[in-house]
Amino acid sequence: MVGKIREPSGCVWLGQVTRLVGMSEVSHTGFGVDVGATRLDDLDKRLLVEVESQTGVRVLDLGCGVGGAAAHLRQGGAEIVGVDQHDFAAAWQDVGVFYQADIASLPTLLPSEQFTHCLCQRTIHYVPYNDALKLLLHLRTVVTHTLFISFSGATSALAHEYPTLDHPVTNRHALLAPAEQTTFGITAPITLYHAVEAIDLIEQAGWKIIWSRTTDFGNILVVATRSV
């Protein structure tokens, strides 16, 4: 079971992060605003509870951005490895180890490194469905405990005039409508998921769902553990 959620205390590394990388830069990567640079959501807080209640925690943070969530996790006692295709190395100097790479390259980037937990926030939907499945299968071989993952939802505001909304999820990867690209700063192709599709994807990769929630905005948050 996941422990009680609490509000995190102030974090010295987060202040360093926001000074090193201005929010205007974070917001114009083409992958939306780096929400973790300013606040933790329910998924981040649930992981933080686990980090603070255990020892020897090593977290893989995929799509890590400037390291906002990672900074809190480090303060909680975790060792952090971040992967993002944009160069946030300067922001990560006092947070953890950073690799600039596409998350889909993880099997070749870090083929055998072991982690206790993985955080994949607002990221998995930027790779096509079949690549997402391959990534989740690989994660099951290198993550020993728990996966914390979120998906952009097919019922969210992102889906307004999304051209492939009625396609099978396996063939839904596409650009948002022009207005939504401008509004949300997302200019990369994306796969929007219904909750049942996100859960099915995770379970196909051999993970066991232990908690999930759809946010008011329509994003899907999931905590899963390795099934035996």
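Looking at the chain only, what percent of DSSP beta bridges run antiparallel? Nearest 5 please. Present the calculation step by step, with values, prior to reporting the outcome.
On the way: 15 of 34 bridges.
Roughly 45 percent of the beta bridges in the chain run antiparallel, per DSSP.
With a point put 7 Å past each Cα toward its Cβ, work out how far residue 102 is from residue 227 in nm, to one decimal.
Placing both labels 7 Å along Cα→Cβ, they lie 2.9 nm apart.
Say a paramagnetic label sat at a point 7 Å from the Cα of residue 213, along Cα to Cβ; which residues of the range 122-155 have their backbone N under 20 Å from it?
Taking a point 7 Å out along Cα→Cβ of residue 213, the residues of the range 122-155 whose backbone N falls under 20 Å are 122-124, 146-155.
Could you tell me which of rounded, prolate or oblate describes the range 12-226, using a ≥ b ≥ c as the square roots of the eigenvalues of the alpha-carbon gyration tensor, with rounded for a/c under 1.5 and, failing that, prolate when a/b is larger than b/c and oblate otherwise? Let's see the in-between values first.
Working: a/c = 1.63, a/b = 1.20, b/c = 1.36.
It is oblate, given that a/c is not under 1.5 and a/b is not larger than b/c.
Quick check: pseudo-label points 7 Å beyond the Cα along Cα→Cβ at residue 166 and residue 144, how many nm apart are they?
So the label points at residue 166 and residue 144 sit 5.0 nm apart.
What net charge do the residues around residue 78 carry, taking every other residue with its C-beta under 11 Å from that of residue 78, with Lys and Arg at +1 and Asp and Glu at -1?
-2
Sorted from fewest to most neighbouring beta carbons within 10 Å, what does the list 148, 98, 184 look like? Numbers along the way, then the final one.
Values: 148 25, 98 22, 184 18.
In increasing order of surrounding Cβ atoms, one gets 184, 98, 148.
Pairs of alpha-carbon atoms within less than 8 angstrom and 6+ residues apart define the contacts here; what relative contact order does the chain have, in percent? Before the final figure, lay out the partial values.
On the way: 460 pairs, mean separation 40.7, N = 228.
Across the chain, relative contact order equals 18 percent.
Just to confirm a number: summing +1 for Lys and Arg and -1 for Asp and Glu over residues other than residue 95 whose beta-carbon lies under 11 angstrom from that of residue 95, what do you get?
Numbers: positive: 74; negative: 61, 79, 94.
Residues close to residue 95 contribute a combined charge of -2.
Can you give the helix-only mean residue ellipticity at 222 nm for the chain, where every DSSP H stretch with n ≥ 4 adds -39500 (n - 2.57) and the sum goes over all residues, rounded to the nearest 500 deg cm²/dmol?
Numbers: 8 runs with 68 residues, N = 228.
Helices in the chain give a 222 nm mean residue ellipticity of -8000 deg cm²/dmol.
No lab work stands behind these numbers, since they all come straight from the coordinates. These figures come from a predicted structure and were not determined experimentally. Virtual Cβ from ideal backbone geometry, glycine too; neighbours counted across all protein chains shown.
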